[in-house]
Amino acid sequence: MKKRVKLEDIAKVVGISKMAASLAMRGEGSISEETVRKVKEVASELGYVPNHMAKSLANGKTNTLALLVSAPFHDDYQNQIIHGAVPYAMSRGYTIFVGPMASPSLESSYIEKYKNNMVDGFLAFHSLVSANYRKLKAEGVPFVLYTKYFRDLDCDYVVCDDELGGYMMTKHLLDLGHRRIGFVYGAKLKRSSEVLDRIKGYRRALNERGLDDGERSIVPFHLHYHVKQMNSENILSDNREFVAWLTAADRPTALFVANDITASSVYIALKKLGLRIPEDVSVGGYEGVYLSSVLDPPLTTVETSIQQIGEKACQILIDKIEGKIQESAPVQLRIEPRLLVRESTAPIR
């Protein structure tokens, strides 16, 4: 095994002290330009690699971040977040560890594990439990939430402007002539900020037209994430309230579904019930993930800048770690979405 080249090896070749070699590698002004040139030239020839572990122990920083994902990787949403965050982190000299959490109970374990590994901060798609993040805040550990936030915790986050997005989709359906518009959300996300904010926008658009926004028009949908369970029989049997709603005489003529992955299962349920999209029921989604473009028909959706959310969240976190943004000044960024009209919505017949 090849022996690791150390600073003292470079110093010996150049004929200076280890301290002088260290200062030269950092480009300190007290070392002459000629010596700096010689040291870096010898370092390159010998194949010297800086010992970042030792440097981290010295300055208390590891230049590593943890990205916590409390959700299944069932579509490319988290993939796009990673595509936004990782290249940006690398450009600032940081590495990101990704921690996929199959259940909320793992969240606390992941946080403690990464803290013990001395990560400098966290990017988090959190579970719906705020206790872990209250503890991080109390300990002064930097973190930035993305996509969803806690309404009762003042902290850094980057999300889509979900109230605006909810308003845009509902207004689109209203402009097509629909008046019985239902809102459908993943049952596990009832308390999640992105669903609550999208409902807020949905209700605002209906209220502007003097239409009912009652709870009867807001229905949960139970999803299956496992291949063996993913079939039309299970989808219908686990969503009896939805089935009764869509087979009633006064069924909705349009559905605003809280995210695209839920919309894909709603498609299966509607087709199993003999309802055509959009001839019988118009369907709109939210997020603009790849799946929405390959559904039949392609899904009208509210497109969110997912990669931008990942990049901005990472930028804020690193700026906090490096002291470029004061710890006492929470950054709460909402990125504007856009309506992407495809073939799943049409004027009411």
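The values are calculated or read from the model by the stated rules, or taken from the named source; none is laboratory data. These numbers were taken from a predicted model, which means no experiment stands behind them. Glycine also receives a Cβ, built like all others from the backbone with ideal geometry; neighbour counts cover every protein chain displayed. Remember, those area values only see protein heavy atoms, side chains included, never the ligands or the DNA or RNA. Shrake-Rupley method; radii C 1.70, N 1.55, O 1.52, S 1.80 Å.
One table, with the values for the structure above:
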| quantity | calculated |
| --- | --- |
| Members of segment 268-294 that are more than 17 Å from Leu223 (Cα to Cα), in a helix (DSSP H, G or I) and of a type in the set (S, T, N, Q) | Ser293 |
| In segment 318-349, the residues that are under 30 Å from Asp154 (Cβ atoms), open to solvent by 80 Å² or more (accessible area, probe 1.4 Å) and not in a strand (DSSP E or B) | Lys324, Gln326, Glu327, Ser328, Glu336 |
| Filtered residues of segment 175-192 (kept if modelled with pLDDT of 95 or more and in contact with a strand residue (DSSP E or B) (Cβ under 7 Å, 6 or more places away or on another chain)) | Leu176, His178, Ile181, Gly182, Phe183, Val184, Tyr185 |
| Failed item, numbered, when Asp213 is tested on (1) more than 26 Å from Ala244 (Cβ to Cβ); (2) out of contact with any Ser or Thr (no Cβ under 7 Å at 6 or more places or on another chain); (3) open to solvent by 20 Å² or more (accessible area, probe 1.4 Å); (4) not aromatic (Phe, Trp, Tyr) | (1) |
| Pairs with Cβ under 9 Å, 6+ apart, first in segment 333-345 and over 20 Å from Arg179 (Cα atoms) and touching a residue at least 12 places away in the same chain (Cβ under 8 Å), second open to solvent by 60 Å² or more (accessible area, probe 1.4 Å) and of a type in the set (D, E, K, R) | Leu333/Lys312; Ile335/Lys312 |
| Segment 161-174 - residue that is in contact with a strand residue (DSSP E or B) (Cβ under 7 Å, 6 or more places away or on another chain) and open to solvent by 10 Å² or more (accessible area, probe 1.4 Å) and, of those, nearest to Ile111 (Cα to Cα) | Asp161 |
| Residue pairs meeting the criteria (Cβ under 6 Å; at least 6 apart or on separate chains; first over 13 Å from Leu65 (Cα atoms), in segment 300-329; second charged (D, E, K, R) and in a loop (DSSP other than H, G, I, E, B)) | Thr300/Arg342 |
| Complete set of residues in segment 300-314 that are closer than 13 Å to Leu123 by Cβ and either over 14 Å from the mean Cα position of the chain (by Cα) or among the β-branched types (Val, Ile, Thr) (or both) | Ile309 |
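One line per residue, one yes/no per condition, for (1) part of a helix (DSSP H, G or I); (2) farther than 27 Å from His224 by Cα:
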| residue | (1), (2) |
| --- | --- |
| Phe150 | no, no |
| Val159 | no, no |
| Tyr167 | yes, yes |
| Leu174 | yes, yes |
| His178 | no, yes |
| Gly182 | no, no |
| Tyr185 | no, no |
